[in-house]
Amino acid sequence: MSQAAREEHVHGRQWAETSHCRVAGVRHFGAFTALELVAPRVAAKAAPGQFVMVTVPGAGFLLRRPLSLFTVHGDRVGLLLEARGAGSERLTRLEVGESVDLAGPLGSAFPLAGAASALLVGGGIGCAPLQYLADELATAGSSVTAVFGFRDFRAARAAGAFAVERLWVASEDGSTGRRGTVLDILGVLDVPPGTVVYACGPTPMIAAVQRWALDQRLSGYASLEAHMACGTGSCHGCVVDTARGRLRVCSEGPVFALDEVRP
Amino acid sequence: MSAPPDPTNVRLSVELGPLHLEHPVVNASGTFDLLEHARRYEGDYFADFPYAAYVPKTITADGRTGNPAPRVTETPAGMINAIGLENPGVDAWIAGLPAWAHLRQPVIVSVGGNEPGQYAAVVRAVEAHLAAADPGAVPSIEAYEINVSCPNVVSGLQIGADPAATAAVVGACRAETSRFVLAKLTPNVSDVTAAARAAVQAGADGVSLVNTFKAMVLDRETLRPFLGNRTGGLCGPAIKPIALRMVAEVAQALPGVPLVGMGGIMSGLDALEFIACGATAVAVGAANFTGLEAPARIVAELRAGLAARGLATPSAARGLALDE
């Protein structure tokens, strides 16, 4: 990737003001919950790959939770979440008519330029930002193929939350799609030269996709996940090691060049 | 207690030593980055800057990459962090000053190190730059905050846990500057007044307290320490009652020494409690992580809280919780 292209996606505009947003829709897909929020300010400024910090309702929670943008349609923002701890569990129990506070959009975005052919590789909840990306790539005229991996039947039901023209699914328990991981599908897929790879998922998956892309002489991007406190560049809590040194996932990321991450 | 509860009658400005603060609320070092806020703000963040002074993240003589991840997680009524003083080093920090030289508010430079010479080198470098720089190219650096919660290069223990080591570090910084010097104390001691007294005797003009409480969180699956650094510093509402007790103890032991109180301030009434325990100013830390709007809200709540109690100024509330 050129320095200019890197600067463009690293220094994408971000907004930290808080919006009070009404929950307009809640759908459950196995282990995952899709929220639809009325968030015109976030929706107007968002780009695929960016995230929002979400305040967990209730007195017991201090830190906001980082959630990537799953969909953006008009003034609606979609978030896809999985209950991992008490905070995310509370968010999955939100009901239509309740409100939550969002700050964003934050972080760097996936560059879309030059991706006439795009391959989206997601693992588990890491598939979330790839729907918004697929929508924007399709609008831009790209040919989009997605390969998603889930651990089991409950998680794989999340595939029902996605609408991508060509979607391949793997599950580790063999319950849905091909038995195995995304790598098992990548190994049999016919990928045109020049395809841009977009990956988001657990660290071992990012590492495997990075090796695979190197073998295939493909470049691309990875969106990383980290424990965050502020989400807005202040606390240095969410750093990851990269070819450019230790960088903040919230600020320089979450989207990095695939070849610069050190998973 | 005769004034009507009209917030507009409250005058919030305070004098912290030679620093004139438009209100008593500053940020806690390491929890709030001015330029990161400015680049994510719709308007002019410098015009709307909510704090009465800016305390940047702790600077050390040489750059540091900090601790391995994970570095932060939430805990009951608080959070734990182990960042490890990640910073670019004092020379790179100085080179970045022109980008925010137009900040109107005074700046309190947070200084770290692992032995007295490293602390003094930071203060010396900043003073040399201020003496030589075009005044328009540097912010109004009016004070230093000496962060003694760093580990001692020899013992590995926190410098602030040892009054003699604290005095050595503060004394080394004092020798480099005539500006206002605050010692930021660690609460990881059995008697915080001994550390405060040592700092003041070594030349500190005032005391900030408290830094975070050394603590541990486990990964409940593996039962191993969760943080990359094994231990970290606990902050947030969970520590506020202990912090209030410590501020009151120092206020009682060292009357007349200006104090900056902090530890779990989430609201204006929390801030007011620290003032009642003897603080002249207060610092907001973890609350910055709840949203960009937190500082302005806390200042407004402090104003309303003073008015509701018929108190016209923060000084009128100062020390109300202390013994006669």
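Laid out as a table, the results:
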{"item": "Test: residue in segment A:89-102 that is more than 14 Å from every other protein chain (Cβ to nearest Cβ), over 18 Å from the mean Cα position of the chain (by Cα) and among the hydrophobic types (A, V, I, L, M, F, W, C)", "result": "yes"}
{"item": "B:Val217 vs. criteria surrounded by 22 or more Cβ atoms within 10 Å (Cβ to Cβ) and either closer than 28 Å to B:His23 by Cβ or among the β-branched types (Val, Ile, Thr) (or both)", "result": "no"}
{"item": "Segment B:1-42, residues that are in contact (Cβ under 8 Å) with a residue 60 or more places away in the chain, closer than 18 Å to B:Tyr144 by Cα and within 14 Å of chain A (Cβ to nearest Cβ)", "result": "B:Asn27, B:Ala28, B:Ser29, B:Gly30, B:Thr31, B:Phe32, B:Leu34"}
{"item": "Residue in segment A:209-228 that is under 20 Å from A:Ala128 (Cα atoms), assigned to a helix (DSSP H, G or I) and hydrophobic (A, V, I, L, M, F, W, C) present", "result": "yes"}
{"item": "Test: residue in segment A:189-202 that is closer than 16 Å to A:Phe148 by Cα, assigned to a helix (DSSP H, G or I), among the β-branched types (Val, Ile, Thr) and within 16 Å of the chain's Cα centre (by Cα)", "result": "no"}
{"item": "Lone unmet requirement of (1) surrounded by fewer than 22 Cβ atoms within 10 Å (Cβ to Cβ); (2) facing another protein chain (nearest Cβ under 9 Å) for B:Tyr45", "result": "(2)"}
{"item": "Segment A:70-103, residues that are closer than 24 Å to A:Gly201 by Cα, part of a strand (DSSP E or B) and among the charged types (D, E, K, R)", "result": "A:Glu82"}
{"item": "Considering residues of segment B:77-99 that are within 8 Å of chain A (Cβ to nearest Cβ) and not polar (S, T, N, Q) only, the residue surrounded by the most Cβ atoms within 10 Å (Cβ to Cβ)", "result": "B:Met79"}
{"item": "Sole residue being out of contact with any strand residue (DSSP E or B) (no Cβ under 7 Å at 6 or more places or on another chain), at negative phi and within 14 Å of chain A (Cβ to nearest Cβ), chosen from B:Ala296, B:Ala312", "result": "B:Ala296"}
{"item": "Selection count where residues are within 21 Å of B:Gly264 (Cα to Cα) and more than 9 Å from every other protein chain (Cβ to nearest Cβ), scope segment A:60-75", "result": "1"}
{"item": "Strands (runs of 3 or more DSSP E) within segment A:14-68 that include 2 or more residues surrounded by fewer than 21 Cβ atoms within 10 Å (Cβ to Cβ)", "result": "A:18-29, A:32-38"}
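Here's the yes/no breakdown for (1) closer than 21 Å to B:Leu34 by Cα; (2) of a type outside the set (Ser, Thr, Tyr):
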site: B:Val55; (1), (2): yes, yes
site: B:Thr60; (1), (2): yes, no
site: B:Arg64; (1), (2): yes, yes
site: B:Ala69; (1), (2): no, yes
site: B:Pro76; (1), (2): no, yes
site: B:Leu85; (1), (2): yes, yes
site: B:Trp93; (1), (2): yes, yes
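Only the coordinates and a few stated rules stand behind these numbers; no lab work does. For clarity, every value in this text was computed on a predicted model and none was experimentally measured. Heads up, the Cβs are rebuilt from the backbone with ideal geometry, glycines too, and the neighbour counts pull from every protein chain shown.
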